[in-house]
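Down below is the structure, laid out as C-alpha cells.
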C-alpha cells in the first residue's frame, strides 16, 4: 500500500503499476520508489516521467531521466533504476545497492536513513543518527538482512544490563524505529525486531530532591578528594564543575557539556549561563541567572586557572580525545553524591527539582518554561502542581 508523505507517495515501482496509473486532472503528483533512493515518477496531465532526486553534492536537485514507456527502447522501471544507479555512482563515487537490506547498518545510516525517514513522514535529526551509531557501534558492519532479534536480546541481557529501564527503552527504539521505517516504506515485509514494552514512570510523575543547594555544592566542589574512594581515586575539576552546573541551573546535561566558556558569565552585574538554541532540545535560546556565591566562586577559578584552551572554546574539553567530554562526565561523582546524601535517582532529576522549586516560589509556569527551555505545555504538565497552602493564601487575600 502506498504511503503519502512530504508531498510524495512512496511505494515499490513496477511496470504494471506505472502503466495503470491515471494522469492527473490538475497539476502534478510525485511517486518515490521504495527500492532506489531518489528515483521519482512524476505524473502530469499528459505525461509520466522518471526523475532522479539528488540530495547531496554540487549536483543536487531533480534530474530528468526519460518518460515512462513499455515500448522497445523506452524507459521502463528496470531501466530507470539502472540509469539512476549509474548517475548516483557518477555523482557520489559509490555504487548504489538497489536492495537496501544488502547495506550494512553503518552505510544505511550514512546514506539513506535520513531520507527514508523524511519520506515516511517522520524526520530524524543528524544528532540522533550519531547516537544510533554510538549505541550500535559493534553492529555497524553488519548487513541489515543479517540483523535479527537475537542481536537485541544480547544487547538487553549483556551490554545494557546495568542501564536503567528508560535508557534501555531509548536504545531499543533507536533500532526498532529504523526497521519500522523500512517496513512502512515496504522495503521489508516485517521488522525483525520484536515489540517490547518497558515499564515507564507514570506521565506527570517526577522525582525531586529536598537537599539544599549549598550542601550539595559544598560536597561536590569543596570536600577534599585526594583520597581513593570505591568509585575513583579522584574526580577531575571538569567533572565537579559540570555536575554542579547541572544541579544549580536545571539545564539539560548537553546544554552544559556542549557549551562554550564564553557563555558562562561570572560578572557581578549579570552572572548567568547562556544556552544557545542549537544545543537546546527545543531550539529555544535562553539565559539562566545564577546567584549561588559558592558556585560562582569555583566557576571563576575554573575559568581562570583550569580551563583547557581549545579551538572551539568548549567549556569542558577532553584533552585525551581532543573533543567535548562524553555524557559519562561526572557519572561516578554523582554516584558518590547519592551515597553521601542517601538519595536515589538521576542527576537529571535536579532539573525537575529546579523547575518545581521555581514554580512553588513564583507560581509562574511561563517563567519556569523560559528558565528550563521547555514549552509551556510541557512545563505545565510536570510542574504546575496543586498547592493547597498557596490556594488558601490566595482566597484569604480576596477582599
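The values are calculated or read from the model by the stated rules, or taken from the named source; none is laboratory data. Source: prediction; values computed, not measured. Please note: Cβ atoms are built from the backbone with ideal geometry, for glycine as well, and neighbour counts cover all protein chains shown.
Annotations
- Per the listing 66, 53, the residue uniquely closer than 27 Å to residue 189 by Cβ and in contact with a strand residue (DSSP E or B) (Cβ under 7 Å, 6 or more places away or on another chain) is 53.
- Residues that are out of contact with any helix residue (DSSP H, G or I) (no Cβ under 9 Å at 6 or more places or on another chain), surrounded by fewer than 19 Cβ atoms within 10 Å (Cβ to Cβ), more than 22 Å from residue 219 (Cα to Cα) and at pLDDT 95 or above are absent from segment 276-283.
- With respect to the conditions (1) in a loop (DSSP other than H, G, I, E, B); (2) closer than 22 Å to residue 375 by Cβ; (3) at pLDDT below 95, residue 254 falls short on a single one, namely (1).
- Filtered by the rule that a residue be outside any loop (DSSP other than H, G, I, E, B) and within 29 Å of the chain's Cα centre (by Cα), segment 306-325 gives 314, 317, 318, 323, 324.
- Across segment 147-166, not a single residue is classified as surrounded by 18 or more Cβ atoms within 10 Å (Cβ to Cβ) and under 30 Å from residue 61 (Cβ atoms).
- The residues on offer are 145, 183, 118, 126, and the sole one that is without any contact (Cβ under 8 Å) to a residue 12 or more places away in the chain and more than 26 Å from residue 335 (Cβ to Cβ) is 183.
- Of all residues in segment 45-94, those satisfying the criterion of being under 15 Å from residue 18 (Cα atoms) and either assigned by TED's automatic domain parsing to the domain that holds residue 112 or in a helix (DSSP H, G or I) (or both) are 77, 78, 79, 80, 81.
- Condition check for residue 23: modelled with pLDDT of 90 or more, assigned to a loop (DSSP other than H, G, I, E, B), surrounded by 12 or more Cβ atoms within 10 Å (Cβ to Cβ) and not assigned by TED's automatic domain parsing to the domain that holds residue 122: yes
- A single member of 303, 360 is in a helix (DSSP H, G or I), touching a helix residue (DSSP H, G or I) at 6+ places or on another chain (Cβ under 7 Å) and either on the phi < 0 side of the Ramachandran plot or modelled with pLDDT of 95 or more (or both), and it is 303.
- Of all residues in segment 286-300, those that are free of Cβ contacts under 8 Å to residues at least 60 places away in the same chain and either surrounded by fewer than 15 Cβ atoms within 10 Å (Cβ to Cβ) or under 15 Å from residue 371 (Cβ atoms) (or both) total 7.
- Considering 86, 33, the condition of being modelled with pLDDT under 90 and in contact with a strand residue (DSSP E or B) (Cβ under 6 Å, 6 or more places away or on another chain) is satisfied by 33 alone.
- Filter result (assigned to a helix (DSSP H, G or I) and in contact with a helix residue (DSSP H, G or I) (Cβ under 8 Å, 6 or more places away or on another chain)) within segment 333-352: 333, 334, 337, 340, 341, 350, 351, 352
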